[in-house]
Amino acid sequence: MVKSYMLSLVVFGVVCGGCRHDEEKNTEAVGTVKVETVESYQNELTIAYPGKVKASSDVDLAFRVAGPLHRLPVEVGAFVKEGQVIAEIDPRDYKVQQEATEGEYKQIKAEAERVMELYKRGSVPVNDYDKAVYGLQQITAKYEAHKNALADTRMKAPFSGYIQKKYFNEHETVGAGMPVVSMISDGYFEVEADIPSSDYIRQNHFKSFVCTFDIFPGKEFPLSLIEITRKANLNQLYRVRLKLKNEKEMNIAAGMSVSVMIEYAPEENTLTLVPVTAVFEKEGEARVWVYDEAAACVRERKIVPGKILKTGQMMVSEGLVAGEKVVSAGVHNLKEGMKVKLLKPVSKTNVGGLL
């Protein structure tokens, strides 16, 4: 019995010793790591995204009434002014209808006015007066509707712009609501670009917007913000709509590609900089190893990455504080809580570490 108890203690001791050995193995120094200090980034930023020029107004115009096209004097590409007649339906039937209703309107109006005058003198009952008033209201509404129908046989340009497309030719019959011509506005263009959520959440700090065209090298075109959609698209990007003044001498046209540059000043200490080599991905999230100076080990931490600069550094909007140290090399060989030693910095007089 005693022998069995002693044997159990021995086995337990061996197992515990092995566990402690494994634990010490996981936390003992496994070599040296290179670390760099997290820097604060407080400068103004300019971030560029691809965009596309669109017409501010791109509409298909249709008649409210049906009939054969009497005139369609404009050609594709032609410039038209606001209020200019660009198409007309044969007004014959609508004119006859309007003239007949006008005669009926004048007759009923005269009769209603006589009845209302007699009612003031107390010569007719209330019932006759009410019939006269309601009859006049009905014929007036009918008369106005037919006048409008006649006016609707002429299509006028709702704004100054260019004829983009014609869907019918003269003498063809069109139905009410069927597009006849397509127009684009001449006043200004819109530029659309998509931005990620990392910039969407900092939209309150946007300062200015400009765009550039490859076909106009060296020239920047100022933009003004119209809106930013509050719902992401299928690519998890948010659509930014910007206003671009139409400079006719530059011959800007809808459909051109541009580079949209957004300039903003982030909040103080919001953004930090780390080497790109310090960032790795785990479970679909960006992370870094932060050096715990007190425990001489590394701690894994999630971050929100931003733009990569030409200097080889990455902007980080969340997760780090300026002054912390992050491992900048060999990040895939580390584990949480692992003990490490820091690589000594190279002396300025010992370039290459040859001495």
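In plain terms, the chain from Arg241 to Gln97 could stretch by 47.2 nm, reckoned as 0.36 nm per residue minus the Cα-Cα distance. Qualifying trypsin sites (Lys or Arg not before Pro) in segment 158-260, where qualification requires a DSSP coil assignment and no more than 16 other C-beta atoms within 10 Å, comprise Lys219, Arg230, Lys231. Straight-line reach from Lys231: taking Cα to Cα under 16 Å and skipping same-chain neighbours fewer than 8 places apart, the aspartates and glutamates in range are Glu192, Asp194, Asp199. Hey, if you put +1 on the Cβ of every Lys and Arg and -1 on every Asp and Glu Cβ in the chain, which of Asn148, Tyr167, Gly103 ends up farthest toward the positive end of that dipole? Most positive-ward Cα: Tyr167. What you get for segment 199-311, charging only the Cβ of Lys and Arg (+1) and of Asp and Glu (-1), is a dipole of about 400 debye around the Cα centre.
What does the charge dipole of the chain about its Cα centre add up to, to the nearest 20 debye, if the Cβ of each Lys and Arg holds +1 and the Cβ of each Asp and Glu holds -1?
So the magnitude is around 640 debye.
Shape class of segment 180-225 from the alpha-carbon gyration tensor: oblate, with a/c at 1.5 or above and b/c at least as large as a/b.
With the cut-off at 1.5 for a/c, could you classify the chain from its C-alpha gyration tensor as rounded, prolate or oblate? Prolate is the answer for the chain, as a/c is 1.5 or above and a/b outweighs b/c. Just tell me the longest site-free run in the chain, where the sites are GluC sites (Glu not before Pro) in a DSSP loop having at most 11 other beta-carbon atoms within 10 Å. Longest run free of exposed loop sites: 76-171.
Would you compute, from DSSP H runs of 4+ residues alone, the mean residue ellipticity of the chain at 222 nm, taking -39500 (n - 2.57) per run and dividing by the full residue count, rounded to the nearest 500?
Helix-only estimate at 222 nm: -8500 deg cm²/dmol.
With the cut-off at 1.5 for a/c, could you classify segment 25-145 from its C-alpha gyration tensor as rounded, prolate or oblate? It is prolate, given that a/c is not under 1.5 and a/b is the larger ratio.
Near Val65, the amide H atoms lying under 5 Å from its own belong to Gly177; only residues 5 or more places off or on other chains count, and H is placed 1.01 Å from N. Extension gain, Asn233 to Glu263: 0.36 nm times the residue separation minus the Cα-Cα distance gives 8.5 nm.
Taken as Cα centroids, segment 152-166 and segment 209-233 sit 28 Å apart, rounded to the nearest whole angstrom.
Straight-distance candidates among the lysines for linking to Lys156, with alpha-carbon spacing under 20 Å and chain neighbours fewer than 8 residues away dropped: Lys81, Lys95, Lys147, Lys165, Lys166. For the set Lys106/Lys142; Lys52/Lys310; Lys207/Lys310; Lys106/Lys131; Lys34/Lys335, the pairs lying more than 18 angstrom apart at their alpha carbons are Lys52/Lys310; Lys207/Lys310. Working from Cα pairs under 8 Å separated by at least six residues, relative contact order for segment 151-305 is 19 percent. The stretch between Lys156 and Ala66, if pulled fully straight at 0.36 nm per residue, gains 30.8 nm over its current Cα-Cα span. Model label sites at Leu118 and Phe280, defined 7 Å from Cα along the beta-carbon direction, differ in position by 10.3 nm. Could you state the number of Å between the C-alpha centres of segment 69-106 and segment 295-346? Centre-to-centre (Cα) distance: 73 Å.
As a fraction of the 1.4 Å probe accessible area of the chain, surface on carbon and sulfur atoms comes out at 52 percent.
Only one residue of Ala87, Tyr291, His205 has its Cα farthest out toward the positive end of the dipole of the chain, where Lys and Arg carry +1 and Asp and Glu -1 on Cβ, and that residue is Tyr291. Site pair Glu75 and Tyr167 shows an inter-label distance of 2.3 nm when each label is modelled 7 Å from Cα along Cα→Cβ.
The values are calculated or read from the model by the stated rules, or taken from the named source; none is laboratory data. Predicted model only: the values in this text are computed from it and were never measured. Glycine also receives a Cβ, built like all others from the backbone with ideal geometry; neighbour counts cover every protein chain displayed. Areas reflect the complete protein model, heavy atoms only, side chains present, ligands, DNA and RNA absent. Shrake-Rupley method; radii C 1.70, N 1.55, O 1.52, S 1.80 Å.
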